[in-house]
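Q: The structure is given below, and queries will be raised subsequently.
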Amino acid sequence: MSQAGPRDSASMLAALGILAYAASMMTHEGLGHGGYCLAAGGHNVALTAWWETCNFPTDAPLGIKAAGPGVQFGAGLLAWLVLHLLPPSAMRLRCFTLLYMVFNLFVSCSYVAFSGVTDLGDGAELIAPLHPLIAWRGGLFLLGSVAYFLSMRAAAFELKRFAGLDDRSSRLFRLVWIPYATAGVFACCTGALTMEHRTAVGLAVASPALNHTMGQWAALEMAALSSLGAGSGMFALPEMQRGMESRGLSPAVYLNWSTAWGVATAAVIALFFFFIAPGLH
């Protein structure tokens, strides 16, 4: 009987997907919007995974709307640079950095395109005073779409480097669908807790988990859009990387389970379920 080849740990891929998505959303809301709020002399009133509220002594500057997706996109580019500085043996850190790069770039770019199409979100508020509005909305959609495609190309190239000489279709698919699915489940569970008190993942969450800064369904919708929606481009990466330069690839190194990374993931899940979902005030 033929013996199955080596495989990357599914549990580790799932944990790293959750960590990367959580870090990406806090980059957008906490560092982007929240950081701009403090730098501009405002006071952070509330913070969740998809919403930040800031009080300013005067009218809120428009820059705070661009700060979230702008900082998130910049963090994705920085993660791309860091990837090239990490040794091939640091597989867990490389995988986390790759997924953090992907979520940052994909979410920020798709959010810009989404604002152009729906006239909702940070981008829509940023261009609201400009005329003709329909032209600016078209520009947002075009900018976000082009940036998303280029981000996919960059991510596909990094997936090829990460996989090394083992580019089996089954392995490449596992490397993208497991983090995608677990990040989506995590996001939607957190969004459901943010939306209203309910039992999720076996934990009874009482009424304090209500977040009164958002509409009843807004958190769950934003959770699904920012994870399952924005991350859907990940499924094209295995095929996209096939036509790219393959010289100089490292021998394949596989992702193994790490208790330390697992504990960190459990801590982040608890942090989101019990503090981020209700909203930090």
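The values are calculated or read from the model by the stated rules, or taken from the named source; none is laboratory data. It should be emphasised that the depicted structure is a prediction, and the values quoted were computed from it without experimental measurement. Cβ: placed from backbone, ideal geometry, glycine included. Neighbour counts: every protein chain shown.
Q: Which of (1) free of Cβ contacts under 8 Å to residues at least 40 places away in the same chain; (2) under 30 Å from A252 (Cβ atoms); (3) polar (S, T, N, Q) is the odd one out, the single condition S24 does not satisfy?
A: (1)
Q: Could you check how many residues of region 214-253 are within 22 Å of V107 (Cβ to Cβ) and either in a helix (DSSP H, G or I) or among the aliphatic types (A, V, I, L, M) (or both)? Outline the logic, then answer.
A: So in region 214-253, the residues within 22 Å of V107 (Cβ to Cβ) come out as 214-215, 217-241.
Right, trim to either in a helix (DSSP H, G or I) or among the aliphatic types (A, V, I, L, M) (or both) and you get 214, 218-241.
Qualifying residue count for the region: 25.
Q: Which numbered condition trips up L220, out of (1) of a type in the set (A, V, I, L, M, F, W, C); (2) surrounded by 14 or more Cβ atoms within 10 Å (Cβ to Cβ); (3) at pLDDT 95 or above?
A: (3)
Q: Moving to a separate point now. When region 117-133 is examined, which residues are found to be part of a helix (DSSP H, G or I) and either at pLDDT 95 or above or surrounded by 13 or more Cβ atoms within 10 Å (Cβ to Cβ) (or both)?
A: At the first step, the residues of region 117-133 found to be part of a helix (DSSP H, G or I) are 117-118, 121-127, 133.
Result: V117, G121, D122, G123, A124, E125, L126, I127, L133.
Q: Oh, and also: Give S207, S169 a once-over and let me know the one that is of a type outside the set (D, E, K, R) and either modelled with pLDDT of 95 or more or out of contact with any helix residue (DSSP H, G or I) (no Cβ under 7 Å at 6 or more places or on another chain) (or both).
A: Details: S169 fails: either modelled with pLDDT of 95 or more or out of contact with any helix residue (DSSP H, G or I) (no Cβ under 7 Å at 6 or more places or on another chain) (or both).
Every option except S207 fails the conditions.
Q: Also, quick follow-up: For residues that are aliphatic (A, V, I, L, M) and under 18 Å from A223 (Cα atoms), tally how many sit in region 108-129. Outline the logic, then answer.
A: Let us first name the residues in region 108-129 that are aliphatic (A, V, I, L, M), namely 112-113, 117, 120, 124, 126-128.
Within this subset, residues satisfying the condition of being under 18 Å from A223 (Cα atoms) are 112-113, 120.
Of the residues in region 108-129, 3 are aliphatic (A, V, I, L, M) and under 18 Å from A223 (Cα atoms).
Per-residue answers, yes or no, for (1) surrounded by 20 or more Cβ atoms within 10 Å (Cβ to Cβ); (2) of a type in the set (S, T, N, Q); (3) within 26 Å of L220 (Cα to Cα); (4) over 14 Å from the mean Cα position of the chain (by Cα):
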position: L150; (1), (2), (3), (4): no, no, no, yes
position: R161; (1), (2), (3), (4): no, no, no, yes
position: G164; (1), (2), (3), (4): no, no, no, yes
position: P179; (1), (2), (3), (4): yes, no, yes, no
position: G184; (1), (2), (3), (4): yes, no, yes, no
position: C189; (1), (2), (3), (4): yes, no, yes, yes
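Q: Taking region 112-167 as the region of interest, how many residues are of a type in the set (K, R) and free of Cβ contacts under 8 Å to residues at least 40 places away in the same chain?
A: The first filter runs over region 112-167 and keeps only residues of a type in the set (K, R), leaving 137, 153, 160-161.
With free of Cβ contacts under 8 Å to residues at least 40 places away in the same chain added as a condition, the list becomes 137.
Here the count works out to 1.
Q: In region 161-180, what residues are within 19 Å of R92 (Cβ to Cβ) and part of a helix (DSSP H, G or I)?
A: Of the residues in region 161-180, the ones within 19 Å of R92 (Cβ to Cβ) are 161-164, 166, 171-172, 174-180.
Across region 161-180, the qualifying residues are R161, F162, A163, R171, L172, R174, L175, V176, W177, I178, P179, Y180.
Q: Kindly evaluate Y111 against the criterion of being closer than 15 Å to G17 by Cβ, surrounded by 23 or more Cβ atoms within 10 Å (Cβ to Cβ) and hydroxyl-bearing (S, T, Y).
A: Numbers: closer than 15 Å to G17 by Cβ: no; surrounded by 23 or more Cβ atoms within 10 Å (Cβ to Cβ): yes; hydroxyl-bearing (S, T, Y): yes.
No; evaluated as a whole, the condition is false for this residue.
Q: Would a scan of region 226-235 turn up a residue that is in contact with a Gly (Cβ under 6 Å, 6 or more places away or on another chain), surrounded by fewer than 17 Cβ atoms within 10 Å (Cβ to Cβ) and modelled with pLDDT under 95? Walk me through it before giving the result.
A: First pass over region 226-235, keeping only residues in contact with a Gly (Cβ under 6 Å, 6 or more places away or on another chain): 227-228.
Keeping just the survivors that are surrounded by fewer than 17 Cβ atoms within 10 Å (Cβ to Cβ) gives 228.
Among the residues that remain, those that are also modelled with pLDDT under 95 are: none.
Scanning region 226-235, I find no residue that is in contact with a Gly (Cβ under 6 Å, 6 or more places away or on another chain), surrounded by fewer than 17 Cβ atoms within 10 Å (Cβ to Cβ) and modelled with pLDDT under 95, so the answer is no.
Q: Out of (1) over 14 Å from the mean Cα position of the chain (by Cα); (2) under 21 Å from A49 (Cα atoms), the odd one out for N104 is which?
A: Exception for N104: condition (1).
Q: Something else about it: Which of the residues belonging to region 236-260 are under 18 Å from V102 (Cβ atoms) and surrounded by 14 or more Cβ atoms within 10 Å (Cβ to Cβ)?
A: The answer is A236, L237, P238, M240, Q241, L255.
Listed here are the residues, each with its yes/no results for (1) closer than 14 Å to M26 by Cβ; (2) of a type in the set (G, A, S); (3) out of contact with any strand residue (DSSP E or B) (no Cβ under 9 Å at 6 or more places or on another chain).
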{"residue": "M240", "(1), (2), (3)": "no, no, yes"}
{"residue": "M244", "(1), (2), (3)": "no, no, yes"}
{"residue": "G248", "(1), (2), (3)": "no, yes, yes"}
{"residue": "W257", "(1), (2), (3)": "no, no, yes"}
{"residue": "I269", "(1), (2), (3)": "yes, no, yes"}
{"residue": "P278", "(1), (2), (3)": "no, no, yes"}
{"residue": "H281", "(1), (2), (3)": "no, no, no"}
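Q: Follow-up. List the pairs whose first member sits in region 57-86 and is within 18 Å of G30 (Cα to Cα) and free of Cβ contacts under 8 Å to residues at least 60 places away in the same chain, whose second member is among the aromatic types (F, W, Y) and buried (at least 21 other Cβ atoms within 10 Å of the Cβ), and whose Cβ atoms are under 6 Å apart, counting only residues at least 6 apart or on separate chains?
A: The qualifying pairs are I64/Y36; A67/Y36; P69/Y111; A79/Y100.
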